[in-house]
Amino acid sequence: ARFKHRMEVQEWNNNRASQHSERCDCNYKVEIARAFLNYPMYFPHNMDFRGRAYPIPPHFNHLGNDLCRGLLVFHEGRPLGERGMYWLKIHLANLFGKDKLSHDERLEFVTSNLDNIMASADNPVPDALINGDAGAAQPWWLEAEDAWQALAACIELTEAMRSPNPKEYVSRLHIHQDGTCNGLQHYAAMGRDRKGAFEVNLMPSDRPQDVYAGVLNGVIRLIEEDAKQGMEEAVALRDKLTRKIVKQTVMTNVYGVTLIGAKEQIAARLREIKDENGQHEFDVVVVSKIALYVAKKIFESLGEMFTQAQQIQNWLNESARRIAKSMPESALESWKRMILESKESQTKFRSALRDAKENSRVLDNETILEIRPDLGPGAQRRKRLDALATKPMTTV
């Protein structure tokens, strides 16, 4: 009980610090936006060795969080046109998590919610909600997965619909599009993995596939098999797993997330699950053990769905391990000689220490460095290592 209390207090302190940090970050972003209101902004970029560009301003940019993207618009607008109105509606549906529906179904979602869209644009935060009135309804736009971008899209669509000619409405809203787990897309393409390619939308399909839901279904199947055997962790997880729990681990798997890293990701998601009384479903003491179990099952499910991708990843890891441990044949003899000389110097040093102790003497620094130059500033040793490192790697 004492350990559990200490863990809960630590978690509470961490959450409090995190919320304070989020509030400061939010205020800072809003102040930056207010300072540049109605002025053009420019985002200088850095480019890494892969050619991937990153905006230099760290706190407010177009690749930032939902709030950043919701606040930003293009300085120069363009008439929507027929296709612009079409994609504005698709964008709004995507922000509400409808991105796995067909385009026609997404358009139908927007059409059926036009009243909610316009109400959100006209009165984003009702007075009843500000005053804290009992039973005050939550604004519709807050139901979106990316609420601030959804509100911006509601306002843009409402203004376009109310304009004399919606197709000629000058829009400045930016619409983001993304791939489906790009890392897995590359692995599926490299491995000519048709099954994996279908799961990450590289193959024709009537509607977008949801790789995270696919992995989740595999995890649930594996857990059900263990639950039938009476495994404690599997029984505790029945009907508790969601797409959100597996998504981050699937996304980061191809970028080398470790089992421990995956465990931490999943533990954070599991602690977000609460029962009808608002209490955590998973105790803070056991959540780490359960998260590790789920992480293993996610990796297993990924291996089943993306066989070639798993094989390529294993080959790359093994190649990197062997290369890191390998040595040029031209340098092998020099390396052996250095090791031998080091062992000989250690033997001489121990002998000198014994002689000094028997004769009640203390070895001076010059004598020590003469016997063991590697104990000094290291200039000689570094020089030899540099010479070794610059030898051509003709054979590995």
Filtering region 124-169 down to residues that are within 19 Å of Val73 (Cα to Cα) and touching a Ser or Thr at 6+ places or on another chain (Cβ under 9 Å) yields Trp141, Ala150, Leu151, Cys154, Ile155, Glu156, Thr158, Glu159, Ala160, Tyr169
Any residue in region 67-79 that is touching a residue at least 40 places away in the same chain (Cβ under 8 Å) sitting within a Cβ distance under 9 Å of a residue that is among the acidic types (Asp, Glu)? List the pairs, counting only those 6 or more apart or interchain. Leu67/Asp25; Arg69/Asp146; Gly70/Asp146; Val73/Glu156; Pro79/Glu168
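Considering only region 98-117, state which residues are out of contact with any Ser or Thr (no Cβ under 7 Å at 6 or more places or on another chain) and open to solvent by less than 30 Å² (accessible area, probe 1.4 Å).
As a first pass, look at region 98-117 and keep what is out of contact with any Ser or Thr (no Cβ under 7 Å at 6 or more places or on another chain): 98-116.
If the condition is that a residue be out of contact with any Ser or Thr (no Cβ under 7 Å at 6 or more places or on another chain) and open to solvent by less than 30 Å² (accessible area, probe 1.4 Å), then Ser102, Arg106, Val110, Asn113 are the ones that fit.
Rundown of residues vs (1) closer than 30 Å to Gln185 by Cα; (2) open to solvent by less than 40 Å² (accessible area, probe 1.4 Å), yes/no style:
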position	(1), (2)
Ala295	yes, yes
Gln308	yes, no
Gln346	no, no
Asn359	no, no
Give me the residue from region 1-38 that is open to solvent by 70 Å² or more (accessible area, probe 1.4 Å) and either of a type in the set (Lys, Arg) or in contact with a His (Cβ under 8 Å, 6 or more places away or on another chain) (or both) and, out of that set, nearest to Phe74 (Cα to Cα). Arg34
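Taking region 67-84, which residues are surrounded by fewer than 17 Cβ atoms within 10 Å (Cβ to Cβ) and farther than 18 Å from Tyr39 by Cα?
Filtering region 67-84 for residues surrounded by fewer than 17 Cβ atoms within 10 Å (Cβ to Cβ) gives 73-79, 81-83.
Once the filter is applied, which keeps residues that are surrounded by fewer than 17 Cβ atoms within 10 Å (Cβ to Cβ) and farther than 18 Å from Tyr39 by Cα, region 67-84 yields Pro79, Gly81, Glu82, Arg83.
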Among the residues that make up region 313-333, is at least one of them aromatic (Phe, Trp, Tyr), under 22 Å from Gly261 (Cα atoms) and surrounded by fewer than 13 Cβ atoms within 10 Å (Cβ to Cβ)? yes
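The values are calculated or read from the model by the stated rules, or taken from the named source; none is laboratory data. The shown structure was predicted, so the numbers you read here are calculated from the model rather than taken from an experiment. Neighbour counts are summed over all protein chains in view; Cβ atoms, including those assigned to glycine, are modelled from backbone coordinates with ideal geometry. Each accessible area value is taken on the protein alone, full model and side chains, heavy atoms only, with ligands, DNA and RNA left out. Shrake-Rupley method; radii C 1.70, N 1.55, O 1.52, S 1.80 Å.
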